[in-house]
1. Quick one: in region 1-22, of everything that is assigned to a loop (DSSP other than H, G, I, E, B) and in contact with a strand residue (DSSP E or B) (Cβ under 8 Å, 6 or more places away or on another chain), which residue is surrounded by the most Cβ atoms within 10 Å (Cβ to Cβ)?
2. If residue 25 satisfies every condition in (1) assigned to a loop (DSSP other than H, G, I, E, B); (2) at pLDDT 85 or above; (3) surrounded by 15 or more Cβ atoms within 10 Å (Cβ to Cβ) but one, which is the exception?
3. Can you tell me how many residues within region 53-84 are farther than 15 Å from residue 96 by Cα, without any contact (Cβ under 8 Å) to a residue 40 or more places away in the chain and in a loop (DSSP other than H, G, I, E, B)?
4. Can you name every residue in region 89-108 that is touching a residue at least 24 places away in the same chain (Cβ under 8 Å), over 13 Å from residue 28 (Cα atoms) and either surrounded by fewer than 18 Cβ atoms within 10 Å (Cβ to Cβ) or out of contact with any strand residue (DSSP E or B) (no Cβ under 8 Å at 6 or more places or on another chain) (or both)?
5. Taking region 28-52 on its own, how many of its residues are surrounded by fewer than 16 Cβ atoms within 10 Å (Cβ to Cβ) and in a loop (DSSP other than H, G, I, E, B)?
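The values are calculated or read from the model by the stated rules, or taken from the named source; none is laboratory data. Treat the numbers as computed from the prediction; the structure is a model and nothing was measured. Virtual Cβ from ideal backbone geometry, glycine too; neighbours counted across all protein chains shown.
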């Protein structure tokens, strides 16, 4: 399945307000079924639309915040590649500070737990 970007302030705010919440050890995921309402999105295409949100309050260093984002997105990409069928979802990932120091296997395990609930 293809991972696409969840872009646009209005789209991200909609998922933040209306989406369901899943909390793991390394991240919190807000998710909403269906394709985003955006002119560049084909609603018939099967895809996961992924965005990340990391506050500067979580970590002052932009380098560390970006590393948290990349680790969570990469774990999702690896896990989705192994799964055959998933519904079209919009995901807004909010990493926790523990995602910076924990083992990558822990992040993978969090993503697998989330996908098993969906």
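1. 6
2. (3)
3. 1
4. The answer is 100, 102, 104, 106, 108.
5. Summing the residues that are surrounded by fewer than 16 Cβ atoms within 10 Å (Cβ to Cβ) and in a loop (DSSP other than H, G, I, E, B) in region 28-52 gives 10.
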